[in-house]
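The values are calculated or read from the model by the stated rules, or taken from the named source; none is laboratory data. What you see is a predicted model; the values in this text were computed from it and never measured. Backbone-built Cβ (ideal geometry, glycine too); neighbour counts: all protein chains shown. Accessible surface is based on the protein model in full, side chains and every heavy atom, while ligands, DNA and RNA are left aside. Shrake-Rupley method; radii C 1.70, N 1.55, O 1.52, S 1.80 Å.
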Amino acid sequence: MKDIQNLTDNRGVEIQKVGIKDIEFPLVIQRKDKENQEVYAKVKMSVALPAHYKGTHMSRFVECLNDWREKNLLGVDIEGCAQDLVERLDAKSSYLKFKFKYFVDKKSPVTGISAPMCYDCSFEGILKDYGEEDEEYTFLLGVKVPVTTLCPCSKEISDFGAHNQRAIVSVKVSYDRDEHIWIEDLIKMVEDASSCGLYSLLKREDEKYVTEHAYENPKFVEDVLRDVVLALRNNDKVDSFEVECESIESIHNHSAWAYQIEG
């Protein structure tokens, strides 16, 4: 059958990214001190399309995903999957992003009752092929961690109480392929930088603890961001990072927000 995608295009426009997005697929996640967890991810995949090709072969993206899933490596070896895409589609670069829900068994702070806590996470793989075995690969690990913030100003000016709210801290880190950063460690680092972490299950004793702990540990959105930035700067494994903190204010009809990127 005639391969229309391989026909020559004469417009001279190289497309930076072309591919598929929002395909749902199972993904193998390596867990800290536990067996691998299979999650369901929403996937975006693309390659750079040379100017002379009329189109890319969309079916090959799914074929690549399926082959790596059958090897039980989809998620464990993002780099290998990215390299496979480049070879299958005769491209100079490839990009993959997997967004997924990750569950961590988290114990309540006083009663110690364990319940699953859900976090939005992502893996990104970026491969650039410069020819003659000269490649540049970047892996990005992303987490979104819900936490509590309590306003230092509100605490200072009030005779009793202080307004507190949920905040979402988004962190994305890159690190050397010879290193490894666990999702669980990244989550804990963020929670330690907040007024207090969140829990799926709390009894009365636990509620008392988290309320008082947040009150004793007031933080602006700027404080949370700065403490996360310092923790990442002090982590020798981290090459670059991006941090965003959004505090969903309880007494304002807007969010407070802070952002930092380094590396």
What number goes with the only condition from (1) within 19 Å of the chain's Cα centre (by Cα); (2) touching a residue at least 24 places away in the same chain (Cβ under 8 Å); (3) not in a helix (DSSP H, G or I) that E79 does not pass? (3)
D33: passes all of (1) open to solvent by 50 Å² or more (accessible area, probe 1.4 Å); (2) of a type in the set (D, E); (3) touching a residue at least 60 places away in the same chain (Cβ under 8 Å) but (3)
Would a scan of segment 123-131 turn up a residue that is open to solvent by 30 Å² or more (accessible area, probe 1.4 Å), within 18 Å of the chain's Cα centre (by Cα), modelled with pLDDT of 95 or more and within 30 Å of K44 (Cβ to Cβ)? yes
Restricting segment 233-245 to residues that are more than 11 Å from G263 (Cα to Cα) and in contact with a Phe, Trp or Tyr (Cβ under 9 Å, 6 or more places away or on another chain), the residue that is surrounded by the most Cβ atoms within 10 Å (Cβ to Cβ): C245
Exclusive hit being open to solvent by 30 Å² or more (accessible area, probe 1.4 Å), among the hydrophobic types (A, V, I, L, M, F, W, C) and over 23 Å from L127 (Cα atoms), set I113, I23, I15: I113
Number of positions in segment 192-219 that are open to solvent by less than 30 Å² (accessible area, probe 1.4 Å) and of a type in the set (D, E): 1
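Let's see how each residue does on (1) over 23 Å from D239 (Cα atoms); (2) in a strand (DSSP E or B); (3) basic (K, R); (4) at pLDDT below 95:
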site	(1), (2), (3), (4)
E136	no, yes, no, yes
L141	no, yes, no, no
F160	yes, no, no, yes
K172	no, yes, yes, no
K188	no, no, yes, no
L201	yes, no, no, no
D206	yes, no, no, no
